[in-house]
Amino acid sequence: MYLKSIEISGFKSFGKKSVLDFNVPISSIVGPNGSGKSNVAEAFSFVLGEQSIKSLRGKRAEDLIFNGGKDAPRSNRASVKLIFNNVQRILNIDFDEVAIERVVNRDSSSEYSINGSAVRLKDIVELLSSAHIGASGHQIISQGEADKVLNSNIRERREMIEDALGLKIYQNKKDESIRKLEKTEENIKQVESLRREIAPHIKFLKKQVEKIEKMVVMKEELTKMYHDYFRHEEEYIKFEKQNIATEKQPLLSVSGKLEKELVEAKQVLAKSVTKDSRSDDVVKVEDRLKEVRTLKDNLSRSVGRIEGEISSLFRMIKKQNEANSAMSKKTVDLSQVENVYKQIDLEIEEANSITEFSKIKEIFISIRKILSDFIERNKENEDKQAILDLENEIKKLELEKTGYEVKIREANNTETELSEQYAFLKNDIEKEKDSNRDAEKALFRIVAEQNEIRSKLNSLGSRESVLRRDEEELQRELQEASALVGLSALRYKDFWPIDTNGNALSHDQIVKEPRFVQEEKRRVMEKIKVRLEDAGVSGGDDVVKEYKETTERDSFLERELADLINSSTSLKNLIKELEEKLAIEFRNGVTKINIQFQEFFRAMFGGGSATLSIVKEKKRKKNSDTDLSVADSGEEIVEEEEAEEGLDIEVSLPKKKIKGLMMLSGGERALTSIALLFAISQVNPPPFIILDETDAALDEANSKKYGDMIVELSKYSQLILITHNRETMARAGVIYGVTMGMDGVSRLLSIQFEEAVQVAK
């Protein structure tokens with residue numbers, strides 16, 4: 001025996017716990033109408049997972065819970081427990097005894113358990129399906145269900161047979177695969193939509209990254225040029241400083257010595273008793289010459305400084321002009337844009353009140369002209385203000401330079417006059433042979449030597465001024481390089497210049513290189529800097545990071561799409577395999593059922609024939625009311641859908657010319673349906689079968705045949721019979737009587753026939 005017992009507590013009319021043991025092949029449940037015996041069959045459906053409350057003769061879940069009686073309180077929950085003997089492992093679980101329980105509470109929540117462990121309904125369905133047991137399967141047959149198999153259409157009949165053959169598990173897998181396929185295809189559409197959505201952004205970012213990569217290449221090229229240029233410039237400046245210092249030192253030493261001699265000569269002249277006015281004139285002229293030359297030196301240095309500033313400003317103007325030549329760098333004041341917007345807005349406001357197309361066209365032409373004028377106006381005045389400011393500064397410096405140059409010319413004139421006067425005094429004094437004139441002659445010699453020294457020092461001073469300007473320019477270039485390409489440009493000291501063959505240059509080659517070579521290098525660097533500024537891709541690192549993240553996301557989506565497509569293909573193949581397996585198993589099962597159906601039918605009717613045949617029926621559907629398509633004749637167009645496969649039943653009674661089910665009488669229909677149900681049960685026998693008053697329509701003769709078939713059927717499955725038929729009761733090994741008292745609670749009485757016989761003996 002597979003089914004050991006059922007425990008019912010609080011379910012419908014069973015307000016108290018009731019236990020039915022099934023230790024014989026055939027058990028019978030009897031009782032008057034309304035006593036609650038059919039509730040036992042419904043208790044089986046409930047615990048096996050039936051979800052339709054309507055099938056259990058209720059409207060809400062709480063209708064299944066005992067609602068109380070005259071002297072009995074209502075229950076808060078209903079529970080039904082089935083206990084199986086699983087020694088032969090009819091259920092795919094490693095327990096010798098399996099208890100399946102379902103509980104429903106008044107809040108309509110359901111709880112399921114297997115051997116006391118909470119599980120899902122899906123787990124119970126899968127466990128029972130392996131043993132050909134289901135909540136609404138063929139093993140629970142009520143009086144109305146017996147005739148249902150004959151009244152159903154071909155599709156519903158096919159589903160019943162599939163369920164009886166144990167093919168429901170394949171059908172469930174197929175349905176689940178179809179749902180997964182639909183979800184997968186929906187995900188494919190979503191992923192494709194996402195990829196289409198980000199594709200333009202990736203394209204834009206790619207262009208930006210390409211610009212950034214070009215900028216990186218230009219920066220690397222510029223950095224190498226900076227290293228070479230800065231190292232050359234620094235070595236040259238250091239070398240020139242050292243040379244100037246070397247040349248300047250002896251000159252300064254001689255100048256200091258001459259200055260002492262000059263002071264001594266002046267002191268001799270000052271103490272001379274025989275000195276005359278010409279000696280004083282010589283001293284005064286010499287002092288005056290010294291002042292004029294000092295003034296001229298200061299003015300020359302100021303002019304040199306101004307020329308350096310003017311040269312720097314000219315370079316800035318050149319850079320600004322080159323920047324202005326790139327249209328992508330142009331900017332426009334917000335106020336100008338607002339003015340254009342106001343003009344266009346006025347035109348649009350005017351267009352709102354006009355209905356004539358020609359006037360609206362004129363307004364569009366006017367708007368286009370406003371925009372065209374705005375563009376042309378900004379083309380003509382691009383960044384001119386900055387250039388004008390620089391030019392004004394140059395004019396101011398040139399004016400200052402001119403003032404200094406006038407003062408230099410005046411100083412030159414004064415120096416010339418003083419030099420002529422000094423020469424005249426010198427010649428006059430030279431004619432005299434007075435010993436007092438020796439000091440004056442020494443004075444003239446010292447001044448002449450000082451002039452020569454001063455000339456050389458002035459030349460060195462000019463070189464220093466140029467060198468100082470070059471050094472200032474180097475510092476400015478270093479700052480600009482740091483801002484443009486980063487701190488890597490400042491690490492030029494880590495590099496040593498090389499020639500075109502890759503050989504390191506000597507120090508002499510570096511410091512004696514013609515200056516125009518450096519100027520040419522700087523000109524090339526300026527061009528690269530302008531190109532970098534024209535590229536103008538801001539936030540380079542952020543753009544590259546975003547591009548990387550976006551492309552990674554797109555690659556992930558691409559892989560995801562490939563996985564989904566593979567999954568879709570796999571699911572389609574699985575569905576096809578399941579359909580093929582279903583078709584093969586179904587046809588084999590129908591063949592087996594037909595053999596049993598024929599035998600049971602002949603046993604019931606003493607002859608005749610009955611068969612199940614697989615048929616295809618085309619469904620026809622009319623167009624919807626919203627479809628305006630009609631045939632040429634004006635008739636509605638009828639579309640044919642795909643053919644639907646199902647089962648048809650053909651019967652032939654002995655001594656009667658009856659071919660269709662509709663021509664059978666009520667009793668004949670009952671016998672036919674019972675024969676078919678018994679045949680189905682024989683193909684894949686379930687552990688137990690519940691027959692709920694399926695024999696109600698049978699007469700005495702047919703009841704005997706029905707009883708004989710029950711005995712035969714009990715060899716394969718346990719039978720639980722709910723009946724009023726005496727012939728059926730006679731086949732039972734145990735009879736449970738169901739009664740109901742005044743309190744509305746169903747109670748059980750049982751009779752074991754074997755024990756009764758022993759007692760009788």
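Please report 740, 160, 663 as a ranked list, fewest other C-beta atoms within 10 angstrom at the top and most at the bottom.
Going from sparsest to densest Cβ surroundings: 663, 740, 160.
Starting from the amide H of residue 3, placed 1.01 Å from N in the peptide plane, find each other amide H under 5 Å away whose residue is 5 or more places distant or on another chain.
The list, which skips near neighbours in sequence, is 85.
Going by how many other Cβ atoms sit within 10 Å of their own, how do 226, 547 line up, fewest first?
So the residues, fewest neighbours to most, are 547, 226.
So, R0 is 60 Å and r is the distance between the beta-carbons of residue 314 and residue 155; what FRET efficiency does that work out to, to 0.05?
0.05
If amide H atoms are built 1.01 Å from N in the plane of the peptide, which residues on other chains or at least 5 residues away come under 5 Å of the amide H of residue 737?
30, 749, 750, 751
Could you work out how far apart the two model spin labels at residue 343 and residue 193 are, taking each label as a point 7 Å from the Cα in the direction of the beta carbon, and quote it in nm?
According to this spin-label approximation, the distance is 4.5 nm.
Report the local net charge at residue 165: Lys and Arg +1, Asp and Glu -1, summed over other residues whose C-beta lies under 13 Å from its C-beta.
Overall, the nearby charge balance is +2.
Which cross-chain or sequence-distant (5 or more) residues have an amide H under 5 Å from the amide H of residue 140, H modelled 1.01 Å from N in plane?
Amide H neighbours of residue 140, under 5 Å, 5+ apart: 690.
Exposure proxy check: 132, 724, 507 ranked by fewest other beta carbons within 10 Å?
507, 724, 132
With a ≥ b ≥ c taken as the square roots of the eigenvalues of the C-alpha gyration tensor of the range 35-98, please select rounded if a/c is under 1.5 and otherwise prolate if a/b is larger than b/c or oblate if it is not?
prolate
Each reported figure results from applying straightforward, stated rules to the coordinates on display, with no laboratory input. What you are looking at is a predicted structure, and each value in this text was computed from that prediction instead of being measured. Backbone-built Cβ (ideal geometry, glycine too); neighbour counts: all protein chains shown.
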